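Everything on this sheet refers to the single structure shown next.
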Amino acid sequence: MKCILSCRVLVIVVLLSLLSACSNSSASTPADGTTSDSGSPQQEPVEIQWLVWSDDVSQEGNLIEEIELFNTSQSDVIVELVAAPYGEFNAKLQAMIASNTAPDVISIQNESDAVAKGWLLSLDELMARDNLDVERFVPGAHTPAYDGKYYGFRHDMAYWVLFYNKDAFDQAGVPYPPEEGWSMDEFMEIACQFSNPAEQTWGVYNWHWLNPYIIQSMGLPYLETGSEGPQYMLDNPEVIEVYQMIGDFINERNCQPNADQSQSLVGDPFTAGQTVMAFNGNWAFGKVQEDAQFAWDVAPVPGGKNGVFGMKIGIAQNSDAPDAAWTFLKWLTYEPEATRYRAERGMGQPAINDDEAWEIYLNGPTTPAGLQSVIDIMSDAANTIPEPDAPGKTQADGVLSPAIDEVWNGTGTAQEVMPSAVEKANEILSEEWAKINEQ
């Protein structure tokens, strides 16, 4: 009996030793070469890409540092920044999707087009799953697409502002722009006063960039959606007059560099001292402060009304790592750390309600004194202009833009080139709208 009991004890001891040895062996010989202290394998971080528009991604220092901030804040996801020039962005994205090399996170250039083509993942289920508090976003930061679904959030809130060289104004004895901003006519007269093409200096270099908002701020139609879908209204006689006015400002009055003169511009013509004013976004405060060798400030755009936009970011429909992409997207747009980082560097107005970020933004080292007057005007919804968007807009703009460029370049009048281009552009919009309604 003693022998039987002793043998059983011995067997149990041997079995426990073997189990212990197996456990230790498992902990010290991981399947992927690493283990945690608890003995369970450590997962390799998921690598994803974020596609932005940029002529040279290596020059996007703020975005690179922002990504590094995320990459070092956790160990589950690693983000790589990739880019395409703005004018080539959608073509590159389409090619990447066709070749199954799509980025995971996408800066959205034209949301309606991207949604209609199936490029973007709807975020509605992810928002519901994680119970996102949409009240955290400021108005306009999480707007739905034409189908009522959400496909992206704003990285920042942005609007155009007028940058001006205070030293140049002082030397010329010209008063600074008033808090309410100039009228269109006042702006053009001041810009022409500062222009001296013989000395390669001008009042401004890029007023024409704002043409959609210039037109709408005058109460004129730009892109309207009716029963037949969206249609450009740029063949309206009054709108054609506005396009010609801007074209004459560039070519006849030469208060802005024309196409030939623009070849001599170096980098940012404003910070380089070639123009006394420039239109840029609130995202540029940090860069202008870094580069400008003169005192500067900002003012509301002429006419007061302005577009409210900002980089909207979403997830590719065919991303191989949608959960990792969602983790990064939330950190980038919804969590406060990234928003505070951007506020410190003057990269745009916060898109979420975070007291610390707003305090930094309004009182930070890159904040110009005139910003408050801009915010005061833009806080009135009557002064905000929606960003023009419609399915097929990218293709339609491909027809429309060359005609508009002829007006800017002085090779054709608005009356000569605009009506036929608008007609062709609207045919594209109608076709895209019909395709959507057939689905």
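Annotations for the structure displayed:
- Amide H to amide H, with H built 1.01 Å from N, Q49 comes under 5 Å of E80, D104, V105, counting only residues 5 or more places away or on other chains.
- Rough spin-label spacing in nm, given labels placed 7 Å along Cα→Cβ, for E337 and L220: 4.9
- The angle between the Cα long axis of helix 237-251 and the main principal axis of the chain comes to about 90°, on a 0 to 90 degree scale.
- Compared with the dominant principal axis of the Cα atoms in the chain, helix 414-438 is inclined by about 30°.
- Compactness relative to 2.2 N^0.38 Å, alpha carbon Rg of the range 44-112: 1.15
- Principal-axis tilt of helix 89-98 within the chain, Cα atoms, nearest 10 degrees: 30
- Using equal-weight Cα scatterers in the Debye expression, the normalised intensity of the range 285-391 in log10 at q = 0.19, 0.21 Å⁻¹ is -1.11, -1.21.
- Amide H within-cut-off set for I352, under 5 Å, with H built and near neighbours excluded: V138
- Potential extension, D405-A295 segment - 0.36 nm per residue separation minus Cα distance: 36.3 nm
- For the peptides 133-143, 91-101, the ranking by packing is 133-143, 91-101, with the highest mean count of neighbouring Cβ atoms within 10 Å listed first.
- Quotient of the Cα radius of gyration of the chain and 2.2 N^0.38 Å, N being its number of residues: 1.25.
- The alpha-carbon atoms of the range 160-307, seen along their principal axes, cover 53, 29, 27 angstrom, with the largest extent given first.
- Relative to the current alpha-carbon distance between N131 and V266, full extension at 0.36 nm per residue lengthens the span by 43.8 nm.
- Residues whose placed amide H lies under 5 Å from that of I315, excluding near-sequence neighbours: I106, L121
- For the range 89-204, the Kirkwood estimate of hydrodynamic radius, built from reciprocal distances between every pair of different alpha carbons, is 18.7 Å.
- What the phi angles of the range 141-151 give under the Karplus curve with 6.51, -1.76 and 1.60, with θ = phi - 60°, is a coupling list of 8, 9, 8, x, 7, 4, 8, x, 9, 9, 10 Hz, glycine and proline written as x.
Read the figures in this text as sums done on the coordinates, not as results from a lab. Source: prediction; values computed, not measured. Positions of Cβ are backbone-derived with ideal geometry, glycine not excepted, and every protein chain shown enters the neighbour counts.
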